[in-house]
Amino acid sequence: MNQVFSFQRYWLLLKLDFAENGRRNALIFGVLFGLMLIMMSPVIDYRKFGFDPIVFHVLAYFMITFCTSLFTSLVFDKYASSNTGINAILIPASQTEKYLAALAANLTFATALIALYVGMHIWFVEILEKEMPGIINKKFHPSFIQLLVYTFFLIQSVCFLGSIYFKKAAYIKTATVFFSALIVFSLINRTYVRNFTNEDPSVSAVPFGQWNVMGRNSIFLIEYSQSTFLLIKIFLVFFVLALWYIAFVRLKEKEI
Amino acid sequence: MIHVDGVSFGYSSNKLLFENLSLKLHPGNIYGLLGKNGAGKSSLLRNIAGLLYPIAGRIEIDGREPRKRQPSFLQDFFLIPEEIHLPSVTVEKYIETLSPFYPNFDESQFRKYLREFDMPEGNKITDLSYGQKKKVLISFGLATNTKHLIMDEPTNGLDIPSKSQFRKVVSSALDPHRIILISTHQVRDLDNLIDSIIILDDSKILVHHSLDEISEKLRFTTLVTAEDDNRVLYSEPSLKGYTVVMENWEQEESRVDLERLFNAVMNNPARIRKIFHRP
């Protein structure tokens, strides 16, 4: 018998997870879908609002990112909780299978939610364009959508690692580490950009993003070349994979 | 066979729960693990299950190390913990999703045990009382037909009729290839069920013998007076005089009374050790 991985045991674990948590996950998904609908649909009736309701699409993104990160931070909870831990640990499956089952369940939820978000954004904006031909294009730029998706998965993978790395108050500790790292990284990036532009205050940039050069009446966007941008995307994918791998190593260290 | 060899364990290295503990458990037996609260019974079971790791010594179950928790080992091992948790699904869904992990699971046995426990059918597990949940888990554990079945305080939460049902069901589930180890501090719950006893106290095993060996060495009887009899290890007043546990010099047969045996062992650990180690 293979002690590390068997498709049959892995499939059984997925079925077990679905039986135990499927209903709860569907309920959370339903609530988030409802909230997204409430927040994102006003863009159709653009004229009623005194402001641009596309801002709610951005807020909806923050909402699903936050809620999914909470969901992700509980991914290994059944192994850590004193109530459920013994049963979960003693299920006849290997650590690898248990880890991959947790990852798959989490990724299914997160992917479905972000796909729904992107789909709803495009759908609502296309309805608006059909209703009001000639209106300024509200659809997010494809590269911005890519940025949202990458950031979403980056945050989920950080929370995935945090959920197994920290013993207590995992979510708070993960958030603290994440935001601290983000601030440090942004400061480094800012220093780097300023060095390039001789401390020109009209230039700003976010890590891995385009540089904004503010003129008197206009903003110039300096984008990375396609090959550099591809490298950045590859780096982010590897970074996410590395976080998942560290989570697996940590799981083994903790002998769960 | 479960082989615990020179195992020491403690939650801190300064204070050991048990030290240099050794025992061998053989298939075809139901062992009762007894001890006072805090004696380390649950910790010993968790060490055997590979949930906790010994500071020193080694545990082997049929030549495998529990701490590795390999799937092949876990398929043949079932632990019913003291605090149970069952998912919020129906009993049918529970067996449908969990039983495929155990190759020897027998659904007809499971249903038979549930009937013997007078369990209602088709209920969602969360709608069941704590005692009923425990019955589901005990029935499931027995029906997995794992070679090693360990129960930690299984009778906690069971009402009086259920305790006798428990004894009946567990004794019917024993086969020559199976080891059943039951830990409890409610000694009477194991009456007429176990065939060997392990008493753990003060970080050591005080008794690890079959009931036959115990009844050979000790006699459980009633005496009019117990004060001047130096054979007596433990006595308590009763309607007919004194119910006693005494050395069985005359080799008379008597039925082992677990509760009195436990009290006798707790009161005279040194003498008990001497009696059982006498050639």
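The values are calculated or read from the model by the stated rules, or taken from the named source; none is laboratory data. Just so we're clear, the structure is a prediction, and the values are computed from it rather than from any experiment. Here Cβ is always computed from backbone atoms with ideal geometry, including for glycine, and neighbour counts include all displayed protein chains.
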What about residue A:145, is it modelled with pLDDT of 85 or more, under 20 Å from residue A:224 (Cβ atoms) and assigned to a helix (DSSP H, G or I)?
-> yes
Sole exception among (1) assigned to a helix (DSSP H, G or I); (2) within 18 Å of the chain's Cα centre (by Cα) for residue B:145, by number = (1)
Sort out which residues of region B:66-79 are in contact with a Leu (Cβ under 8 Å, 6 or more places away or on another chain) and at pLDDT 95 or above, and write them in order of number.
-> B:74, B:77, B:78, B:79
Among the numbered criteria (1) away from chain A (no Cβ under 14 Å); (2) in a helix (DSSP H, G or I); (3) aliphatic (A, V, I, L, M), which single criterion is violated by residue B:119?
-> (2)
Search region B:90-99 for residues being more than 27 Å from the chain's Cα centre (by Cα) and among the polar types (S, T, N, Q), and hand back the single one that is farthest from the other protein chains (Cβ to nearest Cβ).
-> B:90
Given the conditions (1) touching a Leu at 6+ places or on another chain (Cβ under 6 Å); (2) facing chain A (nearest Cβ under 8 Å), which single one is not true for residue B:102?
-> (1)
Restricting to region B:219-240, what's the tally of residues that are among the polar types (S, T, N, Q) and closer than 17 Å to residue B:271 by Cβ?
-> 2
Within region B:79-99, residues in contact (Cβ under 8 Å) with a residue 24 or more places away in the chain, touching a helix residue (DSSP H, G or I) at 6+ places or on another chain (Cβ under 9 Å) and acidic (Asp, Glu) come out as B:82
If you take just the strands (runs of 3 or more DSSP E) that sit entirely in region B:8-89, which of them hold at least 3 residues that are within 14 Å of chain A (Cβ to nearest Cβ) and not basic (Lys, Arg)?
-> B:77-80
Over region B:231-256, the set of residues on the phi < 0 side of the Ramachandran plot, part of a loop (DSSP other than H, G, I, E, B) and in contact with an Asp or Glu (Cβ under 8 Å, 6 or more places away or on another chain) is B:231, B:248
Cβ-Cβ under 7 Å pairs, at least 6 apart or on other chains, region A:203-218 side more than 25 Å from residue A:150 (Cβ to Cβ), far side of a type outside the set (A, V, I, L, M, F, W, C) = A:214/A:202
Lone qualifier among B:194, B:138, B:160 - being among the β-branched types (Val, Ile, Thr), within 25 Å of residue B:60 (Cβ to Cβ) and assigned by TED's automatic domain parsing to the domain that holds residue B:32 | B:194
So which of A:18, A:51, A:56 is in a loop (DSSP other than H, G, I, E, B) and out of contact with any Phe, Trp or Tyr (no Cβ under 7 Å at 6 or more places or on another chain)?
-> A:51
So which residues in region A:83-94 are at the interface with chain B (Cβ under 7 Å from one of its Cβ atoms) and either in a loop (DSSP other than H, G, I, E, B) or under 18 Å from residue A:6 (Cα atoms) (or both), if there are any at all?
-> A:83, A:84, A:89, A:90, A:91, A:92, A:93, A:94
Is it fair to say residue B:212 is farther than 30 Å from residue B:115 by Cα and among the charged types (D, E, K, R)?
-> yes
Matching residues, region B:48-78, being surrounded by fewer than 18 Cβ atoms within 10 Å (Cβ to Cβ), among the small types (Gly, Ala, Ser) and in contact with a helix residue (DSSP H, G or I) (Cβ under 8 Å, 6 or more places away or on another chain) | none
Please verify whether region B:248-265 includes one or more residues that are over 22 Å from the mean Cα position of the chain (by Cα) and closer than 22 Å to residue B:35 by Cα.
-> no
Could you say whether any residue in region B:80-90 is farther than 24 Å from residue B:186 by Cα and among the acidic types (Asp, Glu)?
-> no
Output the residues belonging to region B:218-258 that are in contact with a helix residue (DSSP H, G or I) (Cβ under 8 Å, 6 or more places away or on another chain) and either assigned by TED's automatic domain parsing to the domain that holds residue B:188 or surrounded by fewer than 16 Cβ atoms within 10 Å (Cβ to Cβ) (or both).
-> B:236, B:251, B:253, B:254, B:255
Across region B:167-197, what is the number of residues that are in a strand (DSSP E or B) and among the small types (Gly, Ala, Ser)?
-> 2
